[in-house]
Amino acid sequence: MIHYARIISCYSADTSGVCSALYELGGLTVVHDASGCNSTYATHDEPRWYDMDSMIYVSGLTEIDAVMGNDEKFIDDVCKCAQQLSPKFITICGSPMPAMTGTDFDALASIIEQRSGIRTHAMHTNGMKSYLCGASQAFEMLARCYCGSKGTKSAKPRVNIIGATPLDLSRQEIVESVFRWLEENGFERGCCMAMGSRFEELESAGDAACSLVVSASGLEAAKVLEERFSVPYVVGIPLGKEFAALLAQDVRRAAAQKKSIISCVERNCGQAENTVAVVGESVYSGSLAKAYSLQTGKPVRVIHTLDTCAELVAACDKKIADEDKLELEFEHCSQVIADPLFKPIVHLGTDFLPLAHEAFSGRCFRKTIPDLVDKTIDLEKRS
Amino acid sequence: MLKKAGGENTVLKGVKIAQASFPRPFDTGLEYSAPARGDWNIVHVGLLIPQSHQIYFCAQGCLRGVVQTTAEMEAMDRLSWAYLCDEDYAEGSLETNIIDSVSEVIKRMGKRPPCLLIFLSCMHLFAGVDFDMVIEELESRFGGVDFVKCYMTPTMRFSGLAPMPTMYKQLYQPLRMTEKNSKSVNIIGYNWQLENSCELRDILSSAGVALREITACKTYEEYLEMAQSAVNITIIPEAAAAGADLEQRLGQKHIYLPVSFDAQLIMNNYQTLCGQLGIPMPDLSQQQESAAQALKDAAKALSGRPVAVDYLAVHKPFELSRVLLENGINVKRVFVDVISGEDEQAFSYLKENYPDIEVYPTVNASMRFFANEQQDENEFVAIGQKAAYFCATDYFADLVCAKGIYGFDGIKRLAAMLTEAAAVPKDRRKVIQHKGMGCQSCL
């Protein structure tokens, strides 16, 4: 099976997803990969790299170490670094070459933990999957291992944000807008996995009344919190005025009834006239599709270009990842809302509304990424 | 710097040069990547072939960097890709997938490019992909297209020729054997055009010798005409393998005239060049004197301020440091991970005569926190982006791989850059994060 692209970009990979999810929490994250491979993440996938020091490193894997199975060097280097930097936890990630040689990361994590005395986690990444897969594993690990309940009660229902990384939300300012919207709707700020929150805040994640899942990468972690602490979740980002109002109601309902709701999928799918498509990650695109539909009255569907699960896909949506199939699909659209790097495969007669997505176009259009939280969507005005 | 997520107990890794050992002053270990991005990568270099197109085959994680490099250059119409899945290498279908993907990409192109660079990854080499067979099949399918074997194989960086020398070598593979013109020479493996004021240009033009540079070629045909030159000059060590390959394959004489800041070595370079071409060696004493004067002027402008140099700015940071120190410029820090053989002599000299110079790595894990811990921002004047970043200074000469710095003219230019750097701050954050110095960028 070949997966190729003539002209469009590709998404960030699973290792970047892990690094992005864990960036602010004071852990040591090591990608077992060749020297230089960390510059891709640091340059294109991590807007915090220049402004915020974090312990994200690459092992500098060589061919001879891969061929000879010299795992001892990796273990030794990680332990030495951990000794020097005293991280709160350690996470190790695989890349393509260790995947080919069958490196046992669970075993490596166990040895590193034993030697360093620091809790160590293996992420099952191989550089061949999308960032959502990596970030999802990282968030799930946090939910299982570090989230807790202190039994503290708050005056107002507390809401966590789960699945926030710059790859989907770009800037802290957008996360803050979500928290502001929550506060304006009578909720209290919970922890955020994982932009703008300290590691210690995870310890009370289980005391929240609800979790708000803002990307597909946060869904599994939210399910773990539900399973461990009976915290229900709501899936969606409060984009646009109308959807923000509905989402607030869903959060209230979920908290009151202890029942999870996937708000971004409950959309006006329309029938044959549904020719407006939002392209990209399921939760953001689903939320935007719903917001845009509520605002304009038009049915809007989502073309999911990344890995997703059935519960995030509405009946009118499609899952398409390959460029040639996307190009054919776009022929049937009157309007496409997508990252600017999709534009070359959108027909000239189709109305194209650019909306940059950091996980697709990196830092190219970062400055143009709008904060649409609880705001009227005015994509037409932007170019 | 705003925030910090860990690293509170970091111990800095620098050493005094007196304690530094050659060629690796520091232990290897986990690696950090400083946010200085002016260096060129294989995408930038490959795009130097006019009208060429690149296709990358690798895992998504490896693709991301090259695709984003191209997107920032607004050159996505010159790059295609195919990604590998788990099952691809297990099924033994790697060769077929490459051939089929290239065929599909070509079908989707409006016009066939004259040259296609096919990049394979560590995974392909590790799996023993028959690259020759792939190229032969593609050539049989698409006559008139030059297919070039290229490699994105960082895991194999110590297994034979390193990635960048390999890229420079492959960059000239389409050149074919042709009749030589003794009045034509090439500069090989240099990412920019030599400055018009460089005396190398004057020497050649005075003797009626044409200078061809890939960076000046507008068309693929013009690029192919580089095969007519009788001599190839390389000026950076990474290009030497390309020069040697062309000498063996096309009979073009290769001469390595490395970038240098040492007046005697510069003279030696020009003597070698003139000797090879059979042209008279001009009197360069005036240029030499004005270069020396420029350094004195720079020293005056710096008035004792500490200076830091990094290995990415120039290939021989210790040679540059020695020349600067000898001219009254206060070099205090050198950032380098591995010292090249060409720089060993200068390193030993400094070790003996300036033992207090501080040597720092750039990739060592502890360096993550170095910039943030600088007590005195803007204390240093830096030469190079990494030195500027680590020393937290906005006063720096924005220099990567000695761009535009060659011969006595180069010394004058560097001195002028230093003089300006001492007086005029730059937007460090913005400048050093621009990828591929001199390349177009949408940022």
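Show the residue pairs that are 6+ apart or on different chains and have beta-carbon atoms under 8 Å apart, the first residue being within region A:196-223 and among the basic types (Lys, Arg), the second being outside any loop (DSSP other than H, G, I, E, B) and crowded, with 20+ Cβ neighbours inside 10 Å.
Going by the 8 Å Cβ cut-off, the qualifying pairs are A:223/A:233.
Can you find even one residue in region B:86-109 that is under 20 Å from the mean Cα position of the chain (by Cα) and of a type outside the set (Phe, Trp, Tyr)? Explain how you work it out, then say what you get.
Taking region B:86-109 and keeping what is under 20 Å from the mean Cα position of the chain (by Cα), we get none.
No, region B:86-109 contains no residue that is under 20 Å from the mean Cα position of the chain (by Cα) and of a type outside the set (Phe, Trp, Tyr).
Considering only residues of region A:59-78 that are more than 10 Å from chain B (Cβ to nearest Cβ) and part of a helix (DSSP H, G or I), which is farthest from residue A:38 (Cα to Cα)? Even if it seems obvious, please write down each step before you answer.
The first filter runs over region A:59-78 and keeps only residues more than 10 Å from chain B (Cβ to nearest Cβ), leaving A:68-72, A:75.
In the following step, the residues that additionally are part of a helix (DSSP H, G or I) were identified as A:68, A:71-72, A:75.
Values: A:68: 23, A:71: 19, A:72: 21, A:75: 18 Å.
Per the stated criteria, the residue is A:68.
Working only within region A:123-168, note down all residues that are assigned to a helix (DSSP H, G or I) and surrounded by fewer than 19 Cβ atoms within 10 Å (Cβ to Cβ). Spell out the reasoning first.
Residues of region A:123-168 assigned to a helix (DSSP H, G or I): A:131-145, A:166-168.
Of everything in region A:123-168, those that are assigned to a helix (DSSP H, G or I) and surrounded by fewer than 19 Cβ atoms within 10 Å (Cβ to Cβ) turn out to be A:144, A:145.
Could you look through region B:191-211, keep only residues that are in contact with a Phe, Trp or Tyr (Cβ under 9 Å, 6 or more places away or on another chain) and not in a helix (DSSP H, G or I), and pick out the one that is surrounded by the fewest Cβ atoms within 10 Å (Cβ to Cβ)? Full working, then the answer.
We begin by selecting, within region B:191-211, every residue in contact with a Phe, Trp or Tyr (Cβ under 9 Å, 6 or more places away or on another chain); these are B:191, B:194-195, B:198-200, B:203.
Remaining after also requiring not in a helix (DSSP H, G or I): B:191, B:194-195, B:198.
Working: B:191: 21, B:194: 24, B:195: 17, B:198: 20.
In this case the residue turns out to be B:195.
Go through the residues of region A:359-376 one by one and say whether even a single one is in contact with a Leu (Cβ under 9 Å, 6 or more places away or on another chain), surrounded by 21 or more Cβ atoms within 10 Å (Cβ to Cβ) and more than 29 Å from residue A:49 (Cα to Cα).
No, region A:359-376 has no match at all.
From A:92, A:56, A:2, A:8, which residue is touching a Cys at 6+ places or on another chain (Cβ under 6 Å) and not in a helix (DSSP H, G or I)?
A:56
Name every residue in region A:11-42 that is crowded, with 24+ Cβ neighbours inside 10 Å, modelled with pLDDT under 95 and assigned to a loop (DSSP other than H, G, I, E, B), in order of residue number.
If the condition is that a residue be crowded, with 24+ Cβ neighbours inside 10 Å, modelled with pLDDT under 95 and assigned to a loop (DSSP other than H, G, I, E, B), then A:33, A:34, A:37 are the ones that fit.
Which of the numbered conditions does residue A:365 fail, given that it passes all the others? Conditions: (1) out of contact with any helix residue (DSSP H, G or I) (no Cβ under 8 Å at 6 or more places or on another chain); (2) modelled with pLDDT of 95 or more.
Condition not satisfied by residue A:365: (1).
Could you list, in sequence order, all residues of region A:294-344 that are under 17 Å from residue A:361 (Cα atoms) and among the polar types (S, T, N, Q)?
Matches in region A:294-344: A:305 only.
Assess whether residue B:55 counts as being surrounded by fewer than 21 Cβ atoms within 10 Å (Cβ to Cβ) and out of contact with any His (no Cβ under 8 Å at 6 or more places or on another chain).
Judged against the criteria, residue B:55 is not a match.
In region A:280-320, which residues are surrounded by fewer than 17 Cβ atoms within 10 Å (Cβ to Cβ) and of a type in the set (Gly, Ala, Ser)?
A:297, A:310, A:315
Per-residue answers, yes or no, for (1) in a helix (DSSP H, G or I); (2) over 21 Å from residue B:298 (Cβ atoms):
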{"site": "B:400", "(1), (2)": "no, no"}
{"site": "B:403", "(1), (2)": "no, no"}
{"site": "B:411", "(1), (2)": "yes, no"}
{"site": "B:422", "(1), (2)": "yes, no"}
{"site": "B:425", "(1), (2)": "no, no"}
{"site": "B:435", "(1), (2)": "no, yes"}
{"site": "B:440", "(1), (2)": "no, yes"}
{"site": "B:443", "(1), (2)": "no, yes"}
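Any chance you could count how many residues in region A:169-196 are crowded, with 20+ Cβ neighbours inside 10 Å and part of a loop (DSSP other than H, G, I, E, B)?
Of the residues in region A:169-196, 4 are crowded, with 20+ Cβ neighbours inside 10 Å and part of a loop (DSSP other than H, G, I, E, B).
Being more than 7 Å from every other protein chain (Cβ to nearest Cβ) and crowded, with 21+ Cβ neighbours inside 10 Å is the filter here; which residues of region B:25-40 pass it? Walk me through how you get there before you give the answer.
Let us first name the residues in region B:25-40 that are more than 7 Å from every other protein chain (Cβ to nearest Cβ), namely B:25-27, B:34, B:36, B:38-40.
Within region B:25-40, B:25, B:26, B:34, B:36, B:38, B:40 qualify.
Of the numbered conditions (1) buried (at least 20 other Cβ atoms within 10 Å of the Cβ); (2) under 30 Å from residue B:199 (Cα atoms); (3) touching an Asp or Glu at 6+ places or on another chain (Cβ under 8 Å), residue B:431 fails exactly one; give the number of that condition.
Single failed check for residue B:431: (1).
Where residues in region B:97-134 are among the acidic types (Asp, Glu) and more than 7 Å from every other protein chain (Cβ to nearest Cβ), which of them is surrounded by the most Cβ atoms within 10 Å (Cβ to Cβ)? Outline the logic, then answer.
Applying the first criterion (among the acidic types (Asp, Glu)) to region B:97-134 yields B:100, B:104, B:130, B:132.
From the residues that got through so far, the ones that are more than 7 Å from every other protein chain (Cβ to nearest Cβ) too are B:130, B:132.
On the way: B:130: 12, B:132: 9.
Only one residue tops the list, namely B:130.
Being closer than 19 Å to residue B:158 by Cβ and of a type in the set (Gly, Ala, Ser) is the filter; apply it to region B:335-377 and report the residue that is farthest from the other protein chains (Cβ to nearest Cβ).
Of everything passing the filter in region B:335-377, B:341 is farthest from the other protein chains (Cβ to nearest Cβ).
Check A:256, A:248 and return the single one that is outside any strand (DSSP E or B), free of Cβ contacts under 8 Å to residues at least 40 places away in the same chain and not assigned by TED's automatic domain parsing to the domain that holds residue A:295.
That would be A:256, the only listed residue that is outside any strand (DSSP E or B), free of Cβ contacts under 8 Å to residues at least 40 places away in the same chain and not assigned by TED's automatic domain parsing to the domain that holds residue A:295.
What's the number of the condition residue A:289 fails, among (1) touching a helix residue (DSSP H, G or I) at 6+ places or on another chain (Cβ under 9 Å); (2) modelled with pLDDT under 95?
Of (1) touching a helix residue (DSSP H, G or I) at 6+ places or on another chain (Cβ under 9 Å); (2) modelled with pLDDT under 95, only one is false for residue A:289: (2).
Would you be able to tell me the number of residues in region A:95-108 that are of a type outside the set (Val, Ile, Thr), assigned to a helix (DSSP H, G or I) and closer than 18 Å to residue A:65 by Cα?
To start, the set of residues in region A:95-108 that are of a type outside the set (Val, Ile, Thr) comprises A:95-100, A:102, A:104-108.
Then keep just the ones that are assigned to a helix (DSSP H, G or I); that gives A:96-100, A:105-108.
So of that shortlist, the ones also closer than 18 Å to residue A:65 by Cα come out as A:96-100, A:105, A:107-108.
Within region A:95-108, residues that are of a type outside the set (Val, Ile, Thr), assigned to a helix (DSSP H, G or I) and closer than 18 Å to residue A:65 by Cα number 8.
Which one is farthest from the other protein chains (Cβ to nearest Cβ), of the residues in region A:330-355 that are surrounded by 13 or more Cβ atoms within 10 Å (Cβ to Cβ) and without any contact (Cβ under 8 Å) to a residue 24 or more places away in the chain?
Filtering region A:330-355 down to residues surrounded by 13 or more Cβ atoms within 10 Å (Cβ to Cβ) leaves A:330, A:333-346, A:350-355.
Applying the additional criterion that residues be without any contact (Cβ under 8 Å) to a residue 24 or more places away in the chain yields A:343, A:346, A:350-352.
On the way: A:343: 10, A:346: 14, A:350: 18, A:351: 21, A:352: 15 Å.
Going through the qualifying residues, I end up with A:351.
I need the full set of residues from region B:56-67 which are at the interface with chain A (Cβ under 8 Å from one of its Cβ atoms) and part of a strand (DSSP E or B), in order please.
Our first condition is that a residue be at the interface with chain A (Cβ under 8 Å from one of its Cβ atoms); within region B:56-67, this holds for B:58-65, B:67.
Of everything in region B:56-67, just one residue is at the interface with chain A (Cβ under 8 Å from one of its Cβ atoms) and part of a strand (DSSP E or B), namely B:58.
Cβ-Cβ below 9 Å, separation at least six or inter-chain, first residue in region B:149-172 and farther than 18 Å from residue B:401 by Cβ and facing chain A (nearest Cβ under 8 Å), second small (Gly, Ala, Ser) and part of a helix (DSSP H, G or I): which pairs?
Note: pairs meeting the criteria are B:155/A:66.
Would you say residue B:185 is crowded, with 19+ Cβ neighbours inside 10 Å, touching an Asp or Glu at 6+ places or on another chain (Cβ under 9 Å) and not assigned by TED's automatic domain parsing to the domain that holds residue B:413?
On the way: crowded, with 19+ Cβ neighbours inside 10 Å: yes; touching an Asp or Glu at 6+ places or on another chain (Cβ under 9 Å): no; not assigned by TED's automatic domain parsing to the domain that holds residue B:413: yes.
No, not satisfied.
What's the total number of residues in region A:247-280 that are more than 17 Å from residue A:161 (Cα to Cα) and under 23 Å from the mean Cα position of the chain (by Cα)? It would help to see each step written out before you state the result.
As a first pass, look at region A:247-280 and keep what is more than 17 Å from residue A:161 (Cα to Cα): A:256-257, A:265-280.
Filter once more, keeping what is under 23 Å from the mean Cα position of the chain (by Cα): A:265-267, A:277-280.
The total comes to 7.
Just wondering, is there one or more residues in region A:79-89 that are buried (at least 23 other Cβ atoms within 10 Å of the Cβ) and more than 7 Å from every other protein chain (Cβ to nearest Cβ)?
There is at least one residue in region A:79-89 that is buried (at least 23 other Cβ atoms within 10 Å of the Cβ) and more than 7 Å from every other protein chain (Cβ to nearest Cβ).
The values are calculated or read from the model by the stated rules, or taken from the named source; none is laboratory data. The shown structure was predicted, so the numbers you read here are calculated from the model rather than taken from an experiment. Heads up, the Cβs are rebuilt from the backbone with ideal geometry, glycines too, and the neighbour counts pull from every protein chain shown.
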